[in-house]
Each structure stands twice: as C-alpha cells, then as structure tokens.
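Every read-out reported here was derived from the displayed coordinates using simple, explicitly stated rules and does not represent laboratory data. Fair warning: this is a prediction, and the values are worked out from it, not measured in the lab. For neighbour counting, all protein chains shown are included, and Cβ atoms are generated from backbone atoms with ideal geometry for every residue, glycine included.
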Amino acid sequence: MSVDPVALWDAEAPAFDEAPDHGLLDADVRAAWRDLLLGVLPPAPADVVDLGCGTGTLAVLLAEQGYAVHALDFSPAMVSLACAKLADAPRRVRDLVTVRDGDAAEPGLAPASADVVLCRHVLWAMPDPALAVRRWVAALRPGGRLVLVEGDWSTGAGLTAARCAEIVGESCARVQVRHLPDPRLWGREITDERYLVVAHP
Ligand SMILES: C[S@@+](CC[C@H](N)C(=O)[O-])C[C@H]1O[C@@H](n2cnc3c(N)ncnc32)[C@H](O)[C@@H]1O
C-alpha cells in the first residue's frame, strides 16, 4: 500500500514546531539560524522563494530581516499553520510574506523571478530531486543563488552531502557545502551529517 506524502506531512504538522530547529522557539536557536542564513543570503531587500515552507518559521524569520518571502507547501495543514503564524506576526512582517499551497517539484515559478530559492529539509523527499533543482535554478535571476539545508539523519532518512552536491552540480556551476555540526542550530549535540549548500548557476 503506497503512503500519501501529503497526508504524512499533514499528520506531522501539529507537533512540527516542537523540535528546536523547526519552531525556532528558543532565542539562541533562532539567533543561530538567523546568523547562518544572513551569512549566505544577499542583503535585504531581496525576493526569496521558500519551497516546502512547513509552518512558515523561516519565512517569518527572513521577513523580520526585510526579505520578501514567497512560501509554498503541499500540505494544507502546514500551510494553515504558516498562515496562522503569519497572522500573529507584526504587520511589517506579514506584508512581506505570501504563503500558498503548491508542489515544490513543480512550483510554477516565473523564469528569472527570484534572488534566492531556499529549501530546508525538503530535497531529500523529492521523487526526482535533479529535475526539481533544475526548475528551481531556472527561477533565479542573474546573480541569484540556491540555498539548501539538508541532512543524512540518524533516523535513516535524508541525503548525504556528497549526493546532494552531485545533484545540485547538474544545474549549478558553483556548489559550496558547509557542514553544520554546531549544537546551537539544533538545540542539542548531533552526531549525524547536517549541512548547508549554497549554489550559483
Ligand atoms: C521537514 S519539513 C521542513 C519544513 C520547513 N522547510 C522548515 O525547514 O521548517 C518538510 C516540508 O516540506 C513539505 N514538502 C515535502 N515535499 C513537498 C513537495 N513536493 N512540495 C511542497 N512541499 C513539500 C512538507 O509538507 C513539509 O512541510
């Protein structure tokens, strides 16, 4: 019996933000992610597409820093929580974020419309990751970048950094991988492989 991925993520949604790196509810963890992302994004203002946005945590975090964020997720439960999070945010943040229901595999982005395509913990789950990356890269403006956060987790799920770099390298000329062992990002010590990829077409 095949499992519907949308139903699986819908089921994850209510408790999703409880993990420190998901909800970023702890100030130190939140600051660690803000510093990490600001270190690899172009200066704000810039247009960021957040694919598989989950409960909208990163979208809100980046809008707080002045980025316009166009977020999408295929899980209605995740989208609904992202909209609720946004509704609680200050007006200046709300005005910078859109959230919609959509498939990251075919996000329907206009060519050369984004400065950044950001995707955290989603590529590993895509049925055809190379095709998805090709579409994401086509949405980048000249000088734009792809920013991915992925892992090869102790749960058995995920993508190794080497495989991820290979997939992204099919569409991008410059691919940089940075490992992320810092416990501040995760709210605890980790032993598995977690990393950031920044790539330019
Ligand atoms: C591990 S969560 C990460 C959420 C968010 N990016 C974050 O880092 O907090 C994976 C998210 O990707 C979404 N997702 C997985 N595959 C997707 C797809 N093909 N299209 C859109 N969303 C997808 C899931 O619904 C879920 O919200």
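Taking every pair of Cα atoms in the chain, average 1/r, invert it to obtain the Kirkwood radius, and report Rg/Rh to two decimals. Could you put the intermediate results ahead of the total?
Numbers: Rg = 15.6 Å, Rh = 16.9 Å.
Ratio of gyration radius to Kirkwood radius for the chain: 0.93.
The value obtained for the range 34-73, namely the Cα convex hull volume divided by the number of residues, is 59 Å³ per residue. Which FRET efficiency value, to the nearest 0.05, is calculated for LEU25 and ARG188 with the Förster distance at 22 angstrom and r the Cβ-Cβ distance? So the FRET efficiency works out to roughly 0.95.
If you restrict to DSSP beta bridges whose two residues both lie in the chain, what percentage is antiparallel, to the nearest 5? The partial results should precede the final answer.
Working: 14 of 33 bridges.
Taking every DSSP beta bridge with both residues in the chain, the antiparallel ones total about 40 percent.
Using the Stokes-Einstein relation with a Kirkwood hydrodynamic radius computed over Cα pairs, the translational diffusion coefficient of the range 1-101 at 4 °C and a viscosity of 1.567 mPa s comes to 94 µm²/s. Farthest towards the positive end of the charge dipole of the range 121-201, among the residues GLY169, ALA139, PRO129, is the Cα of ALA139, using unit charges on the Cβ of Lys, Arg, Asp and Glu. Between SER113 and ALA162, the distance separating the two model label sites (each 7 Å from Cα on the Cα→Cβ line) works out to 3.8 nm.
Convex hull volume of the C-alpha atoms in the range 66-106, normalised per residue: 55 Å³.
Using R₀ = 25 Å, calculate the FRET efficiency as 1/(1 + (r/R₀)^6) where r is the Cβ-Cβ separation of THR98 and ARG141; round to 0.05.
Working: r = 18 Å, r/R0 = 0.71.
Using R0 = 25 Å, I get an efficiency of 0.90.
Restricting to Cα atoms and excluding each atom paired with itself, what does the Kirkwood estimate give for the range 100-201 in Å?
On the way: mean 1/r = 0.0715 Å⁻¹.
For the range 100-201, inverting the mean 1/r across all distinct Cα pairs yields 14.0 Å.
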